[in-house]
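Reading through the structure tokens given below for one structure.
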Amino acid sequence: MKTLPLSSILLLYALPTHGVEVFVHMMPWFETKETNNGTWGQHWTMANRNPDNIVDGVPEIASFYHPEIGPYASSDPDVIDWQMGIMKAAGISGIFLDWPGTTDAFDYPKNKENAEAIIEGTKRNGLKFAVVYEDNNLNLASVPDKIAQGVADMEYLKSNYFAEDNYYRVKDAPLLLDFGPQALHDNEWDQVLEPLEPGTTFVSLWNQGQQAGNFVEGEFAWVWADYVDSLIVWYANRNVSVKIGVTYPGFHAFYGEGGWPGPMFYIEYGVETFTRTWEMALNNTEIIQICTWNDYGEGTVIEPTLEYGTQFVDIIQQSTGSQYTPEDFEELTNIYFMKKKHVDNPSMLDRLRRQHHAIVRRFD
């Protein structure tokens, strides 16, 4: 497992979190042949890749980076426990979960199902969660009444997620992020959010709060083409009640190679980019969203990969002052592989699950 060079480790001690809460933006949209009616999910393949093909010793996926555990299904409880265990050992507080809404179109229902499996995983592993709503899905699905569908989505969140004990709260209310606005704007948001009020802390994408209606209370930053220039301006000048900073390892999208449309700017991927954006976020905000845990297509992934090992979670673990050690990352990964090796041995699986539980709950 690849780890940080000494020069990078020495940087970490200048970056204590001082109580800042750290979350990772997580995608629930990955499918294997076993979970997707015999075909690999589109986020592993894009338009022209096939993970059944082995190229240079690794599955041919639509990414420049490869999961340490191989291409996976987001709904797999063993995968989820591995992911949550690595997060827990790194000192991460929880996840901001990319949520598709309840529209019955494309792969949204499956993504929602996966998201709910991941939410159960946060409970098992002692992590918090909040939802990042994708209002642009209303556009992509050509929903005829966007306000009605938006209301239905908010009512679903209120009934099914917000009351969970581990749902993350800000200003004594469930935090709700929106990746936009893109489909709903201004007073449309007032109508959509009205069933939730009072009692929701609503946050838009950075520099878009003025389009998010009267209930918006803040913004969250994101990766953009000019690297840190926009972040410097936003951190210094954007006066909002709730400000969520961003950290990322780079932006190395596979869209061109994979035959999909999408942003094609490039930010160098690696420890230097991650450390710089991490330091900026720590110095300017009390809540950090890491962009991202596992967006392989856009090349912003920090979960352990064959190319980078645990380098990014090593930085987080050192900076958060986690009581865990790098050896815990290795043990959690070994448990995952042992589960897959002994999938037909219930007694062994039970023992491995108890070992996993003992690690992730060690300091609770």
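The values are calculated or read from the model by the stated rules, or taken from the named source; none is laboratory data. Treat the numbers as computed from the prediction; the structure is a model and nothing was measured. Cβ: placed from backbone, ideal geometry, glycine included. Neighbour counts: every protein chain shown.
For this structure, a couple of remarks:
- Residue pairs meeting the criteria (Cβ under 9 Å; at least 6 apart or on separate chains; first free of Cβ contacts under 8 Å to residues at least 12 places away in the same chain, in segment 208-219; second of a type in the set (S, T, N, Q)): Q210/S204
- Of the criteria (1) crowded, with 16+ Cβ neighbours inside 10 Å; (2) more than 26 Å from V233 (Cα to Cα); (3) modelled with pLDDT of 95 or more; (4) aliphatic (A, V, I, L, M), which one L140 fails: (1)
- Check on E164, farther than 27 Å from E307 by Cβ and at pLDDT below 95: no
- Hey, E268 surrounded by fewer than 16 Cβ atoms within 10 Å (Cβ to Cβ), modelled with pLDDT of 95 or more, farther than 19 Å from F96 by Cα and touching a Gly at 6+ places or on another chain (Cβ under 7 Å) or not: yes
- Residues of segment 228-264 that are touching a strand residue (DSSP E or B) at 6+ places or on another chain (Cβ under 6 Å) and surrounded by fewer than 18 Cβ atoms within 10 Å (Cβ to Cβ): V240, S241.
- Hits in segment 76-99 - residues which are surrounded by fewer than 24 Cβ atoms within 10 Å (Cβ to Cβ) and in contact with an Asp or Glu (Cβ under 7 Å, 6 or more places away or on another chain): S93, D98
- When the residues of segment 345-364 are filtered to those that are hydrophobic (A, V, I, L, M, F, W, C) and part of a helix (DSSP H, G or I), the one that is surrounded by the fewest Cβ atoms within 10 Å (Cβ to Cβ) is A358.
- Odd one out for L97 among (1) over 27 Å from T333 (Cβ atoms); (2) touching a helix residue (DSSP H, G or I) at 6+ places or on another chain (Cβ under 7 Å); (3) not in a helix (DSSP H, G or I): (1)
- Per-region count, segment 63-94, residues of a type in the set (A, V, I, L, M), in a helix (DSSP H, G or I) and more than 15 Å from the chain's Cα centre (by Cα): 1
- Selection within segment 168-227: residues that are of a type in the set (D, E) and within 26 Å of E298 (Cα to Cα). The member of this set that is surrounded by the fewest Cβ atoms within 10 Å (Cβ to Cβ) is D226.
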